[in-house]
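Just below is one structure, and these are the notes that go with it.
Nothing in this text is a laboratory measurement; each read-out follows from the coordinates by a stated rule. Everything numeric here is computed off the predicted structure, so don't read it as measured data.
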Amino acid sequence: TTTTTTTTTPNANATTTTTATSSANATTTLGGGNGGNLTTTAEAAQPTGGNGGNLTTTAEAAQTTSSDETNTTTPEPVRYVNGGLKLVVSDCTVLKGAEQKEAMKQGIADVAEVSKTLVSDLDVACLSRRLRGSMRRLGYQTQVAQITYQIKFQGSSAIDDAIDAKEKLQTAATQPMAESLSQALQQAGTSVNITVTEIIAPSMTETAQPVQLPSTTTGSGLIDSGS
């Protein structure tokens, strides 16, 4: 049995005595100034270790089950329509400007019936050539332009949209294509005479690829069949 006694005497006015027994009750006696005692008994908690034994507390840890989940996201399909044009123009150099390229993107997009924002790339190559026949009589300078373009489709309908645009560009006639390009350039403030001499059959790929146009020999010989 263990007994702990604490006595506090502030100016001998009151005395507090607390007795705690490991297996019994705890008794608190308050001594008043007039000799009367107030006794309070509180029942002590009984430990489950037995006399002299250790008190053992077992806390069961919460079981947390975690599992690694791998989220597999299927990427959206992407398709590119790659094509090219051959033009005879009055001034090829002006077509290499940033605003003029944006205008020609619009012209090609109108023929394909897609948004201009889908035309992801457009390049212009200028080739000096000597013309004869009706082209020369129309006042053209001796320049030929090669245009390559790329249209990017992405999303659940990318394949169908790319096939549809590819067919529209492949079946387009040279005259409507020239008119579409000329109109877009005029709206951008550029006036240039354009004749589309060839529409390169577009291809459809899953990755961006450069457009390979048939090689054109520079020199003295773009011959107009109408000469």
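Taking each residue as 0.36 nm, the span from Ala173 to Glu198 lengthens on full extension beyond its C-alpha to C-alpha distance by 8.1 nm. Net length available on complete extension from Ile163 to Asp121 is 13.3 nm, with 0.36 nm assigned per residue and the Cα-Cα distance removed.
Extension gain for Gln183 to Thr73 (0.36 nm times residue separation, less C-alpha to C-alpha distance): 35.3 nm. Region 73-114 and region 137-202 have Cα centres lying 7 Å from one another.
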